[in-house]
Structure formats: C-alpha cells, structure tokens
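Below you'll find the structure, written out as structure tokens, and then a few comments.
The values are calculated or read from the model by the stated rules, or taken from the named source; none is laboratory data. Every value quoted in this text rests on a predicted model; they were computed, and no experiment measured them. No Cβ is skipped: glycine too gets one built from the backbone with ideal geometry, and neighbour counts run over all protein chains shown.
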Amino acid sequence: MLLEVKDLNISYGDKLTVSGVDLELNTGEIMSIVGESGSGKTTVIRAIMGCLPGRGHVSGGSIIFEGRDMLKNTPKEWRQLCGREMSMIFQDSGNMINPIRRIGEQFVNYIRTHAPEKTKAKAVEMAKDMLNKVRLPNPESIMQSYPFELSGGMRQRVGIAMAMVFRPKLLLADEPTSALDVTTQAQIIRQIVDIRNEFGVAVILVTHNLGVASYVSNKLVVMKNGRVVESGKREVISDPQDAYTKELLAAVPVVGEVKYYDR
Amino acid sequence: MTANQPPVVLEIKNLTKKFAVDGGRVLTACDNISLKAYAGQTLGIIGESGCGKSTLVRTVLQIHPATSGEVIFEGQDILKLRGEAARQNRRKIQMVFQDPAAAFNPKMKVKEIVTEPLLNFGLIKKSEVDARAAELLQMVELPVEFMDRYPHNMSGGQRQRLGIARALSLEPKIVVCDEATSALDVSVQEKICELLVRLQKEKGITYLFICHDIGLVDLMCHQVAVMYLGNVVEYIGGGRRISTEGMHPYTKVLLKAVFKVDFKPGERIEPLESEVPSPLDLPQGCPFASRCEFCTDICRQQKPQLKEVAHGHLVACHLVK
Ligand SMILES: Nc1ncnc2c1ncn2[C@@H]1O[C@H](COP(=O)(O)OP(=O)(O)OP(=O)(O)O)[C@@H](O)[C@H]1O
Ligand SMILES: Nc1ncnc2c1ncn2[C@@H]1O[C@H](COP(=O)(O)OP(=O)(O)OP(=O)(O)O)[C@@H](O)[C@H]1O
Ligand code: SF4
Ligand SMILES: [Mg+2]
Ligand SMILES: [Mg+2]
C-alpha cells in the first residue's frame, strides 16, 4: 500500500470540515474524487500534501505514506517530500507559473529549489527531458517562451512536467482539466494515463467531470458534506448505491437531451 | 422557428482584437468576428483554450480596447461610450469572470462583495446590506452564514457562485458567463442553470455563455458559436442542434472528444493530437487547415467565409456547399 488514509478528520479553526475519510491507494493506481462543491475534496488532498491553508489542520485519524506516518513530519521533512516524493498540479498551472518570466527560467528555478545540488546545466537538461516526455514539441523553444505564448493545454503539460521531474510516487491533481476545452482535456487525461504507465506513479484526481472519472479511474470516491458517501471501482458509476451518487449521475448534462428552457 | 425569433439585443460587428507582445510582434486573439445575441436567449461560445473567447467578451465589456469593429447595444456602439454613459451601460451588461479568485478583493467580506454593485449604483442603503446579501446567497444555494466570511476561506465552486450572485444582483439585460459553472459539481451546476433559465424567462435576460462542457452548452443555449484560432467557424441557431446538425470538421472533432459517463471499458477517446497554430502568425487560408483531415490545397490558400447552410446556421468550410 502506497497511501493509506484512515478515519481522517480535518478542521478549519475549530470547525470540523472533513470527517471519517478512508482512502487506500496502491502504486500505479488512479483514484478519482468526485462530489459536492464544498464537500472537502481539495481539503483532503491538501492534507495529504501537508499544505492545508489558513487555520486548516488534521484533527483526527492518520495518513500513512510508504509506511511513514505523515502527521509526524516536521516542516523540514515536508519540504523534502513535496515535489520529490509527491507533487501536485492545479486547475490552471499557467496561473501558478509567473506570467512575466520565461518557462525555462521558472522550470530550472523550480528544480534547483527542490534540489540545490543540481547544476544549472543539469537542471536545464532535466527540464528539457521532462518536456519531451509530456510530448511537448520542441522543448528548446518552449523553454524560451512566456506562459501567454502557450495554449492552456501546453501550460498544463508544463505543469505536469514540473510535477513529474523528480519522479514522485504520488501525483495529486486538483481539477486539472476544468479550465480546458474538451480536446485539450482529452489530451491531458491521456497524458496522465501515459505518465502513470511510464513511471508507475499513483494519481489522485479531483474532478467534476464524471465522464473523465469513469474513463481513467481504478478507484472512485464520492464525497458530500465532508464525508465519503460511496467508494469502489467502476461500479460506483455503473451501479451506484448511494442516493447522492445517483443524484450526481442524473445531473450530468448530455449532448442532445431536452434543453433546460424546454423543461 | 423564423416567426418567433426575438429581437437582436447585442450585435458584434467585425470585431478584431490584437495584442502587441514581446519583440514587436502582434497576437491576433479575435479576427473580424460578427455575432448576434437575441433578447431573452442564450448564445453559447465554445472552442479550444486560447481561441479568443474571453478576449471577445472582455472587448465587448470594454475591459480592453478593440483594435477595430463595433458592438451595438440599444441602438449605439457601446465601444464608443465614455465616462458616466459607460458606467450606466455597465450596469446593464454584467460579467461572471472565469477566475473568481482573481476577480474579488480579498479584503472584502462575502456580503460586501455581493452587494458592492448595488451600493455603487445607489440601489440599496448600507443598512440593507445584510438582508440583500442573504437573499443573493440563498439564490445561488450558498449558506447565509457565509456572508461574514472572506472569499479565500471558501471552496472554488462556492466562490464561483458568489460571482454569479454578484452579476445577477443588478438585474442586468445581458449577463456574460465566462466558464461560470466549471468549478461546480454537476448537481449544483444543474440548479444554477435552472436558476439562470428561470430568471431569463421572467426578466428576459440574454446570456453569453462561454463553456467547455459541450453537453451543458447544448442544453443551455439557443445559438452556439464555435470558435477556432480567433475566428467563428460555425454558428448554429434556428432551432438546430450542435449534436445532430453540427457540420464544421472542427465542431465534429469537439463532439468526439467528450468523455461519456457510460463509456464501455476499453473504449478509446480520440482527441486531436497536434497543437493549434500560434496566434502570432495566423495561417492565410482556413484557420483549421493544419489539423483538418479533409484539408485540400484550396483550404491552405483561401480562407473560407461563413455561409448560410440553413436558416440561422452558418458554416465556414470549403467542403460545405
Ligand atoms: N481556508 C479556509 N478556511 C476556512 N474554511 C475553508 C477554507 N478553505 C475551504 N474552506 C471550507 O471547507 C469546505 C471544503 O472546502 P474544499 O475547498 O475542500 O471543497 P471542495 O470539495 O474542493 O469544493 P469545490 O468542488 O467547490 O472546489 C468548504 O465549505 C469551504 O468553505
Ligand atoms: N493581455 C494579453 N496579452 C497578450 N496576449 C493575450 C492577452 N490576453 C490574451 N492573450 C492571448 O490571446 C489568445 C486568446 O486568449 P483568450 O484568453 O481569449 O482565450 P480563451 O478562448 O478564453 O481560452 P480559455 O478557454 O483557455 O479561457 C491567447 O493566445 C492568449 O494567450
Ligand atoms: S476549409 Fe478545408 S481545412 Fe478548413 S475545415 Fe473545411 S475542409 Fe477543413
Ligand atoms: Mg476544490
Ligand atoms: Mg477564457
């Protein structure tokens, strides 16, 4: 077992926000977390990364990663883990990237912050190699580009390349395709699957797109109101048991159905 | 369908927006776009990331100046409005921004954010803020207790609903929704869309609805414009549906890339693999030529113009006669 989350409670200040969450993930598995807006999906994956915002803290339960109790980590240990053992991509990695600095400069900087022992030349080589691996054509010119010169999909690939450069064992992706059109979304989802196949990384994917979740996941988790209401394999979608899962599935807008204004 | 077509409320005419970028180069984000939106109806805009959807609506809202073109609303070119006239006009055309995190002042509380436009236009008094904020929050399915929070203490989808409540608060004629529901779960999204449709029927609001979810666009919109590399390549109205009557090769590619919930295990999804050309040097022929499986010589030389293929349905493709 790569990651084992047991009976996790998370609070913001003294407000209990997430409770009793259990998750189990093996190397090379993709798990999707879907569910209600505000139910705590982002909160859960941030807790796993050790980066809860504001007054957020784990108030109960355990997070075991590679046999280690994550809740015992010192800030220094977290810094050594993040980026190297586990890493995260966001809705628009383009936003995370500084708009006025070239991609290459930022990538090299990122590598050297996490691995000060690398020379600049080595970092450049690692960056280009990784851009190649996420199938960005012409890494040389990508390195020279400013973020606005790249499409949303290309920026997201850069985000994946940065997240994967140290070959982490766990990749956390918070709505990585919500800001992308369907073609680009399909490319990025395939990219995530390819990365999993090539590096054996485990992935937790938070998404509102049940089609995406159904397509990529080995495991699915449905959250509502701070709790997991249903979890399992594909049958969560093909044969849902919980009323909320059914409600979600019924609400998916499907091309060709009756228009909202005719209902 | 012809008989009950409502009047045009917003007409975008030959709108072009170019950005000057690093090294003296020019990026064409919107290339001579013409579109009509009708009273009490929803015009959808779809297309690849970076094709110019946000730039188009931001130009219409005068967030940045147009390079050329006009936008006619209530009989005048609103791009020419200045000062108080522009301010009054903004009250009638509201926008829900793509990235609500960036759109709100982080030092303001939720109740101040949702009621700010009402206070600015003198439509409510300070003493009415709490009551009005509560109404607006309830309208978008947010707990009333959220009014004393700050936006960064909310989830992505909660912030997005704040943007919607704020835009609707002034009872505008036109609401521009730029990916307004992308951070919502589908159940809340459905409720918000039902709310938008109900308000549309009651108050005759027109929506410009930019959205990556093709299914949602199909269900929400009376007309759909498909954009590619700064151009409108297809406009489907007149009661036709993108799912069954979409004709442009790019439109068909989009439809094929949708992830279906009931996909069969092992079923593959086949997106376009190549990258879109750079908006820094637009091709002289068809904008889609470099990725189109039907591309012929004429496509690379001559840019196809939008042609009416049926009432209210226009397509720009040499293949389509
Ligand atoms: N920094 C914070 N301080 C206090 N409360 C917070 C903070 N961040 C989030 N919350 C609250 O915690 C709950 C869970 O938020 P979270 O962001 O994890 O939801 P989510 O499931 O990711 O939702 P979405 O799908 O809308 O992104 C929400 O009710 C939210 O308002
Ligand atoms: N201020 C700016 N300066 C320079 N280029 C810009 C600016 N704003 C947008 N662009 C460029 O204009 C093009 C269109 O961008 P726009 O944001 O309108 O696309 P979009 O269709 O809304 O994409 P998305 O679906 O990703 O939101 C892109 O190539 C973008 O990089
Ligand atoms: S004009 Fe030619 S290249 Fe363009 S979409 Fe039609 S067939 Fe394809
Ligand atoms: Mg979230
Ligand atoms: Mg946009």
For segment A:225-257, name all the residues that are part of a loop (DSSP other than H, G, I, E, B) and either surrounded by 14 or more Cβ atoms within 10 Å (Cβ to Cβ) or within 8 Å of another protein chain (Cβ to nearest Cβ) (or both). A:N225, A:G226, A:R234, A:P240, A:D242, A:V252, A:P253, A:V254, A:V255, A:G256, A:E257
Report, by residue number, each residue of segment B:227-241 that is within 11 Å of chain A (Cβ to nearest Cβ) and in contact with a helix residue (DSSP H, G or I) (Cβ under 7 Å, 6 or more places away or on another chain). B:M227, B:Y228, B:R241
Those residues of segment B:116-131 which are without any contact (Cβ under 8 Å) to a residue 24 or more places away in the chain and either under 25 Å from the mean Cα position of the chain (by Cα) or part of a helix (DSSP H, G or I) (or both), in sequence order: B:L119, B:N120, B:K126, B:S127, B:E128, B:V129, B:D130, B:A131
Which listed residue is touching a strand residue (DSSP E or B) at 6+ places or on another chain (Cβ under 7 Å) and either loosely packed, with under 14 Cβ neighbours inside 10 Å or of a type in the set (S, T, N, Q) (or both), from B:E267, B:E273, B:E293, B:E308: B:E308
Name the residue, out of A:K41, A:K15, that is touching a residue at least 40 places away in the same chain (Cβ under 8 Å) and of a type in the set (D, E, K, R). A:K41
Scan segment A:223-263 for residues that are in contact with a Pro (Cβ under 8 Å, 6 or more places away or on another chain) and farther than 16 Å from A:E36 by Cβ and jot them down. A:R234
Under the condition of being crowded, with 18+ Cβ neighbours inside 10 Å and of a type in the set (K, R), which residue from segment B:55-103 is nearest to B:D31 (Cα to Cα)? B:R58
Taking segment A:104-143 and keeping residues outside any loop (DSSP other than H, G, I, E, B), in contact with a helix residue (DSSP H, G or I) (Cβ under 6 Å, 6 or more places away or on another chain) and over 13 Å from A:V165 (Cα atoms) leaves A:G104, A:P139, A:I142, A:M143
Select from segment B:159-183 the residues that are within 16 Å of ligand 2 (Cβ to nearest atom) and either of a type outside the set (D, E) or assigned to a loop (DSSP other than H, G, I, E, B) (or both) and list them in ascending order. B:Q160, B:G163, B:V176, B:C177, B:E179, B:A180, B:T181, B:S182, B:A183
Answer yes or no as to whether A:S87 is away from ligand 2 (no atom under 16 Å from the Cβ), touching a residue at least 40 places away in the same chain (Cβ under 8 Å) and not in a strand (DSSP E or B). no
Is it the case that some residue within segment A:45-61 is within 14 Å of chain B (Cβ to nearest Cβ), small (G, A, S) and within 16 Å of ligand 1 (Cβ to nearest atom)? yes
Only residues in segment B:297-321 that are in contact (Cβ under 8 Å) with a residue 60 or more places away in the chain count as the first member; pair them with residues that are in a helix (DSSP H, G or I) and surrounded by 13 or more Cβ atoms within 10 Å (Cβ to Cβ), Cβ under 8 angstrom, at least 6 apart or cross-chain, and list the lot. B:A310/B:E245; B:H313/B:E245; B:C317/B:P249; B:L319/B:P249
When only residues in segment B:242-291 that are in contact with a helix residue (DSSP H, G or I) (Cβ under 7 Å, 6 or more places away or on another chain) and either within 16 Å of ligand 5 (Cβ to nearest atom) or not in a loop (DSSP other than H, G, I, E, B) (or both) count, which is nearest to the other protein chains (Cβ to nearest Cβ)? B:S243
Contact list, first residue from segment B:133-158 and within 16 Å of ligand 2 (Cβ to nearest atom), second anywhere and modelled with pLDDT under 90, beta-carbon distance below 6 Å, six or more apart or interchain, is B:G156/B:A183
B:C193 meets each of (1) away from ligand 5 (no atom under 16 Å from the Cβ); (2) more than 8 Å from every other protein chain (Cβ to nearest Cβ); (3) within 16 Å of the chain's Cα centre (by Cα); (4) of a type outside the set (G, A, S) with one exception, condition (2)
Tally of residues being part of a helix (DSSP H, G or I), more than 7 Å from chain B (Cβ to nearest Cβ) and either touching a Cys at 6+ places or on another chain (Cβ under 7 Å) or within 16 Å of ligand 4 (Cβ to nearest atom) (or both) across segment A:176-219: 1
Just give me the residues in segment B:28-81 being more than 14 Å from chain A (Cβ to nearest Cβ) and touching a Cys at 6+ places or on another chain (Cβ under 7 Å), in sequence order. B:L56, B:T59
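Okay, residues lined up against (1) within 15 Å of the chain's Cα centre (by Cα); (2) assigned to a helix (DSSP H, G or I); (3) modelled with pLDDT of 95 or more:
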residue	(1), (2), (3)
B:N14	no, no, yes
B:F19	no, no, no
B:G23	no, yes, no
B:C30	yes, no, yes
B:V57	yes, yes, yes
B:R90	no, yes, no
B:Q98	yes, no, no
